[in-house]
Amino acid sequence: MADVGLQHISKRFGQNLALDDVSFEIKDGEFFVLLGPTGAGKTTTLRIIAGLERQDQGVVTIDDEPADHLPPAERDVAFVFQQYSLYPTMTVYDNLAFPLRSPLRRIPEAEIKQRVEETAEKLRISHLLQRKTAHLSGGEMQRVSIGRAIVRHPRIFLMDEPLSNLDAKLREALRIELSHLQKTQGSTTLFVTHDQTEALTMADRIAVLDQGRIVQIGSPYDIYDRPATTFVAQMVGSPKINLLPAARENGNLHITDSPITLPADASVELPAALVVGVRPEDVVIEDSGQFSGQVMLIEPLGMETVIYLKSGGQTLVSTTPGITRLRIGNEARFSIARQRIHYFGSDGVRI
Amino acid sequence: MIRTKVRDASDKQPAISRYRSRHVLSDAALKRLFLWPTLALLISINIFPLFYSLYLSFTTYSAIANQPPVWVGLQNYRDILNDSQLWIYFRNTGRFVLLTVSLQTIIGFGLALLLREKFRASGVITTLILIPMMLSPVVVGLFWKLIFDPSYGIFNYLLGYPAGRGPEWLASKELALWAVVIVDVWMWSPFVMLLCLAGLSAIPDYLYEAAEIDRASSLYQFWRITLPQVAPLLLIAVLFRTIEAFKTFDLVMGLTGGGPGDATELVAVNLYRLAFLGQWNTGKASALAYIVLVIIIAVSNIYIKYLNRIKEG
Ligand SMILES: Nc1ncnc2c1ncn2[C@@H]1O[C@H](COP(=O)(O)OP(=O)(O)OP(=O)(O)O)[C@@H](O)[C@H]1O
Ligand SMILES: [Mg+2]
C-alpha cells in the first residue's frame with residue numbers, strides 16, 4: 001500500500017477546463033472519497049492518477065515519488081471503471097483472473113483459482129463464474145468489475161462510482177463489505193461517488209469537487225457540520241439543508257419574506273446581507289416552539305418524517321423522529337436550534 | 001406502417017373526389033406493388049435457371065445444337081469424377097484458394113492494424129489502398145500481364161533482376177499460379193483490410209485501458225482482446241474471399257488464359273471452356289457447376305458453424 005499525492009493538477013479538454021489546480025494527499029491506508037456532482041471532474045482525476053490521462057500541469061506522486069513518467073502498468077493501481085470495462089469475450093472467472101494472469105506476475109494457477117473464488121464469494125457472484133460477461137445485468141457487471149480490482153493487492157484502489165448500479169439492499173451490503181475489506185487490509189482507496197450517504201458512511205476523509213475545483217477537504221464530520229460553502233452544505237445531508245436569505249438589523253437576523261427573526265450571533269462578524277443555513281433536523285417541531293408555520297407536505301420515511309413548513313414566503317424542511325400526528329394544512333409550532341445555524345455570505349462562502 | 005395518401009386541392013372539391021380512390025394505396029397494395037416485380041425477376045433469372053440447369057446436368061445437351069436434352073441420369077457426374085484431368089483443375093483451385101485467402105487474411109489484417117492508428121493522411125492512404133478492389137478483374141489481369149512481362153515489366157525490375165533475365169512469371173509452370181495469387185492478393189487484401197478495420201474500430205478503448213491497468217503485455221492484449229473481438233468480421237471476410245476465390249475466372253482469363261499447359265486452369269475457367277467453347281457441352285458443364293456449388297456450400301457451412309460458435313462464445 002502507498003500514499004498518493006496530487007499537486008496543482010490542471011487538465012483541459014479543448015476549451016473545457018476539467019480540473020483546475022487540484023491538490024490533495026491520500027495517506028497510506030486511508031479511505032478517501034471524492035464527492036461531486038456529474039461533470040465535476042471526478043473520473044478525470046482518477047484517470048490522471050492511473051496514468052490513463054496526462055495532466056496539463058501539476059505533479060502526481062506515489063509514495064512521495066513523482067509518477068508522471070510511469071505508464072499505467074507500472075503505477076500498480078487497480079481501477080474500477082464507471083462503465084465496468086469487462087472483457088466481453090471471456091467468462092466472469094477469466095475476467096477476475098485476468099489481472100492475476102499477467103505474465104509480469106507469475107502467479108500459479110492454483111492460487112489464482114483460490115483468490116478468484118474468494119473474491120467471488122465476497123461479492124456474491126460465485127454462481128456467475130462460468131457465465132460470459134456480455135449477458136450479465138448492470139449490477140452483476142458492476143460487481144465483477146469491483147472483483148477484478150480487489151482480487152489484486154495493488155498499491156492503491158481507484159473506484160469510480162462502483163455501487164451506482166446496485167439496488168439499495170445490495171448497495172448497503174457491499175458498502176459494508178468494501179469498508180470492512182478496506183479496514184482489514186488497510187488498503188489505500190480513492191472512492192468516487194456523487195452519493196452523499198456513501199461518502200459520509202465510508203470515508204475517512206472527503207474531498208468535495210465542483211466544476212474541476214476542490215471546494216473542501218475534511219472528515220465526514222467536518223463536511224457535514226462545517227460546510228465551507230453553500231454548495232457543500234447542499235451536497236451533503238438528506239433532506240437538503242434549508243438555505244434562507246436574511247438581513248442583519250439591530251443585532252437581529254430577519255429572514256427575507258418571513259416573520260422569522262433570530263438574534264444575531266455576537267461571536268461572529270456578520271455582513272448586512274447573508275444566507276442562513278439550517279439543517280432539517282435543527283428545525284425542531286415542538287408545541288413550545290417560537291415560530292409557527294403551515295404544514296404543506298408530509299413524507300413519512302418510517303424512522304423519521306419529513307415535514308415541509310410554510311412560513312411567510314419561505315418553505316422550511318424539518319425532520320422529526322418517528323411518525324407525526326400533524327396533518328397537511330395544520331398550523332405547527334417549531335423552533336430553530338440556534339447554536340447549530342450555519343452562516344454564509346451572499347457569495348456562498350461560510351462565515 | 002406506410003400510408004400513402006396524395007392530398008391536394010381535390011380533397012376540398014367533392015366534384016372530383018372520386019379521383020381520390022385512385023390515389024390511395026393501401027399498405028397491402030403497396031407491398032404487392034414492390035414485391036411482385038422483384039419476385040418475377042428473381043424467379044425468371046435466378047430460380048428457374050437454377051432448377052433448369054439442375055435438370056440439364058442429368059442430360060446430354062448442347063445449347064447451340066438444335067436438339068432437345070436427352071436424359072442420361074448420373075452419367076455426367078460419373079464422367080467428371082472419373083476424369084483425371086478435372087482432378088488436376090480441382091487441385092489447382094484448392095491450392096489457389098488456400099494460398100490467396102491465407103495471404104489476403106494476413107496482409108489485410110496487418111494493414112488494418114497499421115491503419116487503425118489515426119495519423120496524418122491515414123484517411124487518404126486507406127482510400128488509396130482500396131483502389132485495386134474497385135477495378136475490373138479483366139483490366140487488372142491485362143495490365144498485370146504487362147507488369148509481369150519478363151523483358152520490360154516492372155515487377156522483375158523491382159525484384160532487382162536485370163532486364164530480360166528475370167523469371168518468366170506467366171510462362172513458367174511453377175510460377176504462373178503464384179503470379180495469379182500475387183495479383184489476386186494485391187486486388188483483394190484491401191477488402192479483408194476494410195472489414196478488419198471496421199471490426200477494430202468497434203473495440204472500445206476502455207478495454208485496452210483496463211488491460212493496461214491489469215498489466216497485460218501488448219501481445220497478451222492482442223491475443224485476448226483484439227483477436228477475439230475482430231474474429232467474427234475477419235471470418236466473414238475470409239468466407240467471402242473463399243467463395244470468390246473458388247469462382248475466380250476473369251483474372252485468370254486476363255492473365256494466363258489457364259496456361260501454361262494447365263498450370264493455372266482453375267475449375268471455373270474449365271467450366272467456361274466446357275460450357276461456351278468448342279463443343280458447348282451444356283449438360284456436363286451444368287453437372288460441374290453443381291459440383292462446385294456443393295463444395296462451396298460445404299466449405300461455407302464450416303465457416304458459418306465456426307462463426308456462430310465464436311459469436312455465442
Ligand atoms: N476525453 C474527454 N474529452 C473532452 N472532454 C472531456 C473528456 N473527458 C471528460 N471531459 C469533460 O471533462 C469534464 C469532467 O468530466 P468527468 O468525466 O471527469 O466528470 P465526472 O465527475 O466523472 O462526472 P460523472 O459523475 O458524470 O461521471 C466534463 O465536462 C466532461 O465533459
Ligand atoms: Mg465519472
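Data overview
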read-out	value
Contact order normalised by residue count of chain B, Cα under 8 Å, 6+ apart, percent	25 percent
Potential extension, A:A266-A:L104 segment - 0.36 nm per residue separation minus Cα distance	51.9 nm
Heavy-atom accessible surface that B and A bury in contact, both chains counted, 1.4 Å, Å² to 100	2000 Å²
Karplus-derived 3J(HN,Hα), 6.51/-1.76/1.60, for each residue of segment A:126-142, Hz, glycine and proline x	4, 6, 9, 3, 8, 7, 6, 6, 4, 9, 7, 6, x, x, 5, 4, 4
Separation in nanometres of the label points that stand 7 Å from Cα toward Cβ, at B:A298 and B:W71	2.8 nm
Karplus (6.51, -1.76, 1.60) ³J(HN,Hα), θ = phi - 60°, over segment B:298-305, in Hz, Gly and Pro reported as x	4, 4, 4, 4, 4, 4, 5, 4
Residue-averaged 222 nm ellipticity for chain B, from DSSP H runs of 4+ at -39500 (n - 2.57), nearest 500	-21500 deg cm²/dmol
Within segment A:270-292, backbone nitrogen closer than 18 Å to the virtual label 7 Å beyond the Cα of A:E331 toward Cβ	A:285-292
Lysine pairs with alpha-carbon atoms under 18 Å apart, chain A, spacing 8 or more or separate chains	7
Dipole of chain A, positive end: most advanced residue of A:V349, A:N242, A:P271 [Cβ charges, Cα centre]	A:N242
B:F51/B:Y157 FRET efficiency (R0 30 Å; Cβ-Cβ; nearest 0.05)	0.05
Inter-site label distance for A:S10 and B:F222 at 7 Å from Cα along Cβ, in nm	4.1 nm
For segment B:151-167, Karplus couplings with θ = phi - 60° (6.51, -1.76, 1.60), whole Hz, Gly/Pro x	8, 10, x, 7, 5, 5, 4, 5, 6, x, 7, x, 3, x, 9, x, x
Lysine pairs with alpha-carbon atoms under 21 Å apart, chain B, spacing 8 or more or separate chains	4
Cα centroid separation, segment A:119-171 to segment B:132-176 (Å)	60 Å
Cut-off of 10 Å, at most 12 other beta carbons, DSSP loop: longest stretch of chain A lacking such GluC sites (Glu not before Pro)	A:1-268
Separation of the B:I203 and B:T126 label points, Cα + 7 Å toward Cβ, nm	1.6 nm
A:D28/A:A168 FRET efficiency (R0 51 Å; Cβ-Cβ; nearest 0.05)	0.95
The protein assembly as shown - percent of accessible surface contributed by carbon and sulfur, probe 1.4 Å	59 percent
With at most 12 neighbouring Cβ atoms within 10 Å, loop trypsin sites (Lys or Arg not before Pro) (DSSP) excluded, longest segment of chain A	A:107-324
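The values are calculated or read from the model by the stated rules, or taken from the named source; none is laboratory data. Fair warning: this is a prediction, and the values are worked out from it, not measured in the lab. Note that each Cβ is placed from the backbone with ideal geometry, even for glycine, and that neighbours are counted across all protein chains shown. Just so you know, the surface numbers come from the protein's heavy atoms only, side chains and all, with ligands and any DNA or RNA stripped out. Shrake-Rupley method; radii C 1.70, N 1.55, O 1.52, S 1.80 Å.
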